[in-house]
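The values are calculated or read from the model by the stated rules, or taken from the named source; none is laboratory data. As the structure is a prediction and not an experimental result, all values here were calculated from the model. Using ideal geometry, Cβ is built from the backbone for each residue, glycine included, and neighbour counts are taken over all protein chains shown.
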């Protein structure tokens, strides 16, 4: 495997910005700013894919990059905003874990994933990208279990997906186009289905607070 | 040039430019609030006017009340001697590193808070306790963010840091550099008492922090306190400017180099001040008990900077 010589510094910068955007999702208390941070994260991911495409010269990765930009940075945030607007959900997210403890747990997760990755012998950039992607998966999972609103659970799983995408694109320099297309289709359909689920939850329980799911409605 | 002359000149530059920065920030804020705003030289007139007036001091005030403005002022000025302003090879660079700067600023803050308690006014006590509450979170985060840079450069001495970063040019733009910059910018908001944390323009009892502490001061002492606050503002900004963007700073003590570096410094400070004013006008002041969230974001960013440094360099 050859190191991406061109843009290795820019790649590091982008990956760390992606980490920052993950922490923005973790650190904000407003639904809209969480969605905006997710959009920024997807945009940065598209930039990473673009750089990989440019330095490897594979044209199918350009397609992947553009698809990321369109689907993850535009369509999915739009679906989110549509859901938020349609069910008139309260703009503040409800938490099981406060903002400061969440941020600290996020930091611990980054360190843990770094230590897990360290045991694998990788070159400089790959190890950074892989530990960033691992920590994004972990933080996405943490967002899913520590936020009450169903929308945040949807956001958490998309952050996890972004983490996997980051790992895939920066380690293998792109999977076959067919696989990537399948994944994008899955993500898009997944987001739509989750959106419909949230509508159903809202209609049945008149709230998207997942705490309410414990109460039985007969 | 004589090193002593450079040091004295740096001191004069700090005192002379501090009110200008404050004036520029007020002007930019006024622009965004669609006001005309006072002239950017207004802080100079304010200070000059205050210096002509006598002080009124409470009968119950002890010597601390009189000593505190002087001690704070001198502590901030001493911190200014350690921060590169226009020359990276500072004559007093040997005397202390960034840890000394953090503690000199903490000393100034400590005496201001002490003086606010001294007269026994309820506002003073409130302001002092709030200031200490913020400071307890600002200081560790500030240290951690500068450590991230120090680790990258391999020294905690600020002149070495700014020399190394400026000689590296654009390759200095590493992830840890950027993360630490954002972290330190958030710290700078808290350290200089800007809007999400404290409102420098208010005298509303429920929200003020710094203004509440200096409520008892008047006349010459108030001038000293105000000038000290402006200098703290300038120093925090020059810390930001000359650690992260030290380009244009003079590395040798030639007159032409220093003149060019001064121009570059004023531009950098004005840009940072304008950026801060934009942040100030676009955000609302946060509730006091939400401040730990803001500062833990900063702490987390500097922590990420450290971790990513270790990951990339394979520590």
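Checking A:108, A:104 one by one, the residue that is out of contact with any helix residue (DSSP H, G or I) (no Cβ under 8 Å at 6 or more places or on another chain), within 10 Å of another protein chain (Cβ to nearest Cβ) and surrounded by fewer than 20 Cβ atoms within 10 Å (Cβ to Cβ) is A:108 and no other. Every condition in (1) assigned to a helix (DSSP H, G or I); (2) buried (at least 18 other Cβ atoms within 10 Å of the Cβ); (3) more than 10 Å from chain A (Cβ to nearest Cβ) holds for residue B:248 except the one numbered (1). Residue selection: residue B:294 satisfies the criterion of being within 14 Å of chain A (Cβ to nearest Cβ), farther than 23 Å from residue B:173 by Cβ and in contact (Cβ under 8 Å) with a residue 24 or more places away in the chain.
Condition check for residue A:66 on (1) surrounded by 15 or more Cβ atoms within 10 Å (Cβ to Cβ); (2) under 20 Å from residue A:40 (Cα atoms); (3) more than 14 Å from chain B (Cβ to nearest Cβ): one failure, at (1). Within the stretch B:139-193, take every residue that is at positive phi and at pLDDT 80 or above and give me the one that is surrounded by the most Cβ atoms within 10 Å (Cβ to Cβ). Checked the stretch B:139-193; the qualifying residue surrounded by the most Cβ atoms within 10 Å (Cβ to Cβ) is B:193. Restricting attention to the stretch B:278-293, which residues are in a helix (DSSP H, G or I) and closer than 20 Å to residue B:204 by Cβ? Passing the criteria: B:280, B:281, B:288, B:289, B:290, B:291. Within this structure, residue A:99 passes the test of being facing chain B (nearest Cβ under 10 Å) and surrounded by fewer than 20 Cβ atoms within 10 Å (Cβ to Cβ).
When the residues of the stretch B:267-290 are filtered to those that are within 15 Å of residue B:40 (Cβ to Cβ) and without any contact (Cβ under 8 Å) to a residue 60 or more places away in the chain, the one that is nearest to the chain's Cα centre (by Cα) is B:271.
Scanning the stretch A:65-97 for residues that are more than 16 Å from the chain's Cα centre (by Cα) and either without any contact (Cβ under 8 Å) to a residue 40 or more places away in the chain or closer than 20 Å to residue A:182 by Cα (or both) gives A:66, A:85, A:88, A:90.
Only one entry of A:152, A:175, A:136 meets the criterion of being touching a helix residue (DSSP H, G or I) at 6+ places or on another chain (Cβ under 8 Å) and surrounded by fewer than 19 Cβ atoms within 10 Å (Cβ to Cβ), and that entry is A:175.
The residue list B:183, B:212, B:223 contains one member that is within 14 Å of chain A (Cβ to nearest Cβ), part of a helix (DSSP H, G or I), touching a helix residue (DSSP H, G or I) at 6+ places or on another chain (Cβ under 8 Å) and over 23 Å from residue B:264 (Cα atoms), which is B:183. Exactly one residue among B:201, B:190, B:260 is away from chain A (no Cβ under 14 Å), under 22 Å from residue B:105 (Cα atoms) and part of a helix (DSSP H, G or I), and that residue is B:190.
Taking every residue in the stretch B:200-220 that is on the phi > 0 side of the Ramachandran plot and pairing it with any residue that is buried (at least 19 other Cβ atoms within 10 Å of the Cβ), at least 6 positions away or on another chain, the pairs with Cβ-Cβ distances below 9 Å are B:219/B:50.
Residues that are more than 9 Å from chain B (Cβ to nearest Cβ) and surrounded by fewer than 18 Cβ atoms within 10 Å (Cβ to Cβ) within the stretch A:11-39 comprise A:30, A:32, A:33, listed in sequence order.
Look at (1) more than 14 Å from chain B (Cβ to nearest Cβ); (2) out of contact with any strand residue (DSSP E or B) (no Cβ under 9 Å at 6 or more places or on another chain); (3) at pLDDT 90 or above and you find that residue A:156 fails only one, number (2).
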